[in-house]
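Please read the structure below before turning to the comments.
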Amino acid sequence: MRVLRTQVGIVGAGPAGLLLGHLLHLNGIDSVIVENRSRDYVIDRVRAGVLEQGTVDLLIAMGVGERLQREGLRHDGLYISFRGNRHHIDMAELTGGKAITVYGQNEVVKDLIDARIATTRPLYFEAEDVSVGALESSSPVIRFRHGGADHEIRCDFLAGCDGFHGVCRPSIPERAIATYERIYPFGWLGILAEAAPSSTELVYTCHERGFALFSMRSPTITRLYLQVPPDEPIENWPDEAIWDEMLARMTTSDGWKPRVGRIVQKSVTPMRSFVAAPMRHGRLFLAGDSAHIVPPTGAKGLNLAASDVLVLARALKAYYEDRSTGWLDEYSDVCLRRVWKAQRFSWWMTTTLHRAPDESAFDHQRQLADLDYLTGSRAAMTSLAEQYVGLPAEVSFESAGL
Ligand code: APR
Ligand code: PHB
């Protein structure tokens with residue numbers, strides 16, 4: 001068996017694990033990242049693509065924002081559409097100049113893998129039978145098989161960045177962790193189409209037939225979503241049926257509609273809200289999707305992963321500077337404050353824009369009144385805008401060594 005030692009063992013090479021590894025590297029802290037999928041799989045996996053202002057600022061401050069600044073699409077506003085009309089929300093004007101940037105999560109992951117490889121610090125792909133242990137000791141471990149050999153990494157701390165279906169959260173004894181969950185009675189059918197985006201900004205639509213979302217990935221690729229039943233087989237949706245439904249829900253009275261093109265990817269994802277608390281057990285710290293899931297309507301998933309690891313990097317930096325554990329002890333509480341606000345926002349965006357199968361006629365009229373109020377009140381639009389561009393981080397970049 002190969003035994004290795006490191007300071008921080010990181011399980012998972014998604015945005016959370018890779019960002020943490022790089023933040024630690026910038027502070028001279030050693031880490032090993034262990035990922036069970038292949039490099040190509042991790043890079044090709046199609047995910048969300050909205051970066052809050054603070055996430056963009058973080059990537060730039062970390063020195064991994066060069067391609068993001070060149071290729072990312074900055075959006076100063078967005079549209080909310082209902083009763084056939086689009087209403088513009090000028091986020092930059094309402095937030096003192098903040099915006100979001102559309103840049104695929106897989107592009108972020110690609111840039112971070114390149115940055116990791118340039119540091120020459122270890123990153124294992126295709127690790128098999130990954131497990132974590134000795135969480136309550138001062139030397140927790142990651143075990144896995146790689147290249148036909150058993151490996152054990154002995155660490156000072158573990159970071160569980162292995163997503164919702166990972167092994168870290170289930171390794172915490174049930175009595176030591178509480179979970180909070182809400183499953184929504186719908187899912188999203190998402191497509192990538194070879195079509196130039198017909199709007200420069202996102203359009204969130206609440207239609208009688210259900211929710212629809214217009215987004216994009218580049219000047220030539222449109223990204224669209226449709227509300228469908230949660231376990232809808234994708235086979236029920238030939239390309240033509242997808243376009244019929246997209247156009248039926250999204251076309252507005254002024255004639256705006258998405259441009260149609262060849263569909264190059266399609267899939268259905270269920271929607272849930274989930275929080276595990278505390279986000280720490282012994283020397284294992286959970287970050288990103290391993291600790292919380294938001295429905296994609298608020299576009300918060302990747303951004304929450306980024307804010308978690310900023311808080312964790314601050315705490316680990318302080319520990320290695322003077323062995324202080326105060327910020328490690330505060331990690332979970334500090335993260336959960338922001339996580340719950342993002343949960344609330346994502347739940348609100350989701351319930352305000354989707355049609356629930358069990359809603360009454362009253363519920364629907366109230367929903368339309370909500371949207372009418374939102375798009376007619378500067379106060380309500382400011383509330384949406386400040387949450388959509390991202391509430392302030394709980395900790396400064398400087399405190400995390402940037
Ligand atoms: N061992 C090692 N790695 C694992 C294991 C395991 N047993 N299980 C899962 N992983 C890996 C996954 O293959 C994935 O690459 O952990 C990584 C987790 O990455 P993400 O799921 O992307 O989660 P996270 O890094 O927290 O990023 C949150 O991802 O799901 C989206 O919308 C979400 O944008 C948000 C972001
Ligand atoms: C996306 O572009 O994939 C996207 C945009 C906004 C969301 C969710 C996903 O709320």
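Scan the range 1-31 for residues that are within 7 Å of ligand 1 (Cβ to nearest atom) and either among the β-branched types (V, I, T) or part of a loop (DSSP other than H, G, I, E, B) (or both) and report the count. Working first, answer last.
If we filter the range 1-31 for residues that are within 7 Å of ligand 1 (Cβ to nearest atom), which is where we start, we get 11-17.
Still in the running and either among the β-branched types (V, I, T) or part of a loop (DSSP other than H, G, I, E, B) (or both): 11-14.
Qualifying residue count for the region: 4.
Considering only the range 262-279, state which residues are away from ligand 2 (no atom under 16 Å from the Cβ) and not hydrophobic (A, V, I, L, M, F, W, C).
Looking only at the range 262-279, we keep the residues that are away from ligand 2 (no atom under 16 Å from the Cβ), and these are 262, 274-279.
If the condition is that a residue be away from ligand 2 (no atom under 16 Å from the Cβ) and not hydrophobic (A, V, I, L, M, F, W, C), then R262, P278 are the ones that fit.
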key: From V46, V34, residue being under 19 Å from A306 (Cα atoms), within 16 Å of ligand 1 (Cβ to nearest atom) and modelled with pLDDT under 95   = V46
message = One residue is enough: does the range 10-21 have a residue meeting the conditions in contact with a helix residue (DSSP H, G or I) (Cβ under 6 Å, 6 or more places away or on another chain), within 16 Å of ligand 2 (Cβ to nearest atom) and of a type in the set (V, I, T)?
response = no
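Can you say whether G163 is in contact with a helix residue (DSSP H, G or I) (Cβ under 7 Å, 6 or more places away or on another chain) and either within 16 Å of ligand 2 (Cβ to nearest atom) or on the phi > 0 side of the Ramachandran plot (or both), as far as the supplied structure shows? So that I can check it myself, show each step before the final result.
Values: in contact with a helix residue (DSSP H, G or I) (Cβ under 7 Å, 6 or more places away or on another chain): yes; either within 16 Å of ligand 2 (Cβ to nearest atom) or on the phi > 0 side of the Ramachandran plot (or both): yes.
So G163 passes the test.
Within the range 32-63, track down each residue that is in a loop (DSSP other than H, G, I, E, B) and either of a type outside the set (G, A, S) or under 14 Å from L402 (Cβ atoms) (or both).
Residues of the range 32-63 that are in a loop (DSSP other than H, G, I, E, B), as a first pass: 35-38, 45-49, 52, 62-63.
E35, N36, R37, R45, V46, R47, E52, M62, G63 - these are the residues of the range 32-63 that are in a loop (DSSP other than H, G, I, E, B) and either of a type outside the set (G, A, S) or under 14 Å from L402 (Cβ atoms) (or both).
Let's see how each residue does on (1) within 16 Å of ligand 1 (Cβ to nearest atom); (2) out of contact with any helix residue (DSSP H, G or I) (no Cβ under 8 Å at 6 or more places or on another chain):
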{"site": "A127", "(1), (2)": "yes, yes"}
{"site": "V141", "(1), (2)": "yes, yes"}
{"site": "P173", "(1), (2)": "no, yes"}
{"site": "A176", "(1), (2)": "no, yes"}
{"site": "T200", "(1), (2)": "no, yes"}
{"site": "T205", "(1), (2)": "no, no"}
{"site": "S218", "(1), (2)": "no, no"}
{"site": "T222", "(1), (2)": "no, yes"}
{"site": "V228", "(1), (2)": "no, yes"}
inquiry  = Condition first: farther than 30 Å from G210 by Cβ, assigned to a helix (DSSP H, G or I) and away from ligand 1 (no atom under 15 Å from the Cβ). Can you find one or more residues in the range 337-357 that meet it?
reply    = yes
Lone unmet requirement of (1) more than 16 Å from ligand 1 (Cβ to nearest atom); (2) farther than 18 Å from L224 by Cα for V108 = (1)
inquiry  = Which pairs turn up if I take residues in the range 197-226 that are at positive phi and part of a strand (DSSP E or B) and look for partners that are among the aliphatic types (A, V, I, L, M) and surrounded by 23 or more Cβ atoms within 10 Å (Cβ to Cβ) with beta carbon separation below 9 Å, at least 6 apart in sequence or on another chain?
reply    = G210/L226
query = Do any residues in the range 100-112 that are closer than 17 Å to R74 by Cβ have Cβ atoms under 8 Å from those of residues that are polar (S, T, N, Q) and within 10 Å of ligand 2 (Cβ to nearest atom), where the two are at least six apart or on different chains, and which pairs are they?
reply = V102/S215
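Would you tally the residues in the range 280-319 being away from ligand 2 (no atom under 15 Å from the Cβ), under 16 Å from S346 (Cβ atoms) and either assigned to a loop (DSSP other than H, G, I, E, B) or among the hydrophobic types (A, V, I, L, M, F, W, C) (or both)?
Residues of the range 280-319 away from ligand 2 (no atom under 15 Å from the Cβ): 280-288, 290-292, 306-319.
Filter once more, keeping what is under 16 Å from S346 (Cβ atoms): 288, 291-292, 306-308.
Keeping just the survivors that are either assigned to a loop (DSSP other than H, G, I, E, B) or among the hydrophobic types (A, V, I, L, M, F, W, C) (or both) gives 291, 306.
Residues meeting the conditions: 2.
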query = Could you give every pair whose Cβ atoms fall below 6 Å, whose first residue belongs to the range 275-304 and is in contact (Cβ under 8 Å) with a residue 24 or more places away in the chain, and whose second residue is within 8 Å of ligand 1 (Cβ to nearest atom) and polar (S, T, N, Q), counting only separations of at least 6 or pairs across chains?
reply = L302/Q105
message = I want to confirm something. Restricting to the range 230-266 and keeping residues that are within 15 Å of F186 (Cβ to Cβ) and under 22 Å from the mean Cα position of the chain (by Cα), which single residue is surrounded by the fewest Cβ atoms within 10 Å (Cβ to Cβ)?
response = D231
ask   = Is the range 184-207 home to any residue that is of a type in the set (D, E), modelled with pLDDT of 95 or more and closer than 25 Å to G255 by Cβ?
value = yes
inquiry  = Cβ-Cβ under 8 Å, sequence separation 6+ or interchain: first residue in the range 242-269 and without any contact (Cβ under 8 Å) to a residue 12 or more places away in the chain, partner among the β-branched types (V, I, T) and surrounded by fewer than 17 Cβ atoms within 10 Å (Cβ to Cβ). Which pairs?
reply    = none
Every residue from the range 26-49 that is away from ligand 2 (no atom under 16 Å from the Cβ), surrounded by 15 or more Cβ atoms within 10 Å (Cβ to Cβ) and not β-branched (V, I, T) = L26, N27, D30, S31, E35, N36, R37, R39
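The values are calculated or read from the model by the stated rules, or taken from the named source; none is laboratory data. The shown structure was predicted, so the numbers you read here are calculated from the model rather than taken from an experiment. Neighbour counts run over all protein chains shown; Cβ positions are idealised from the backbone, glycine included.
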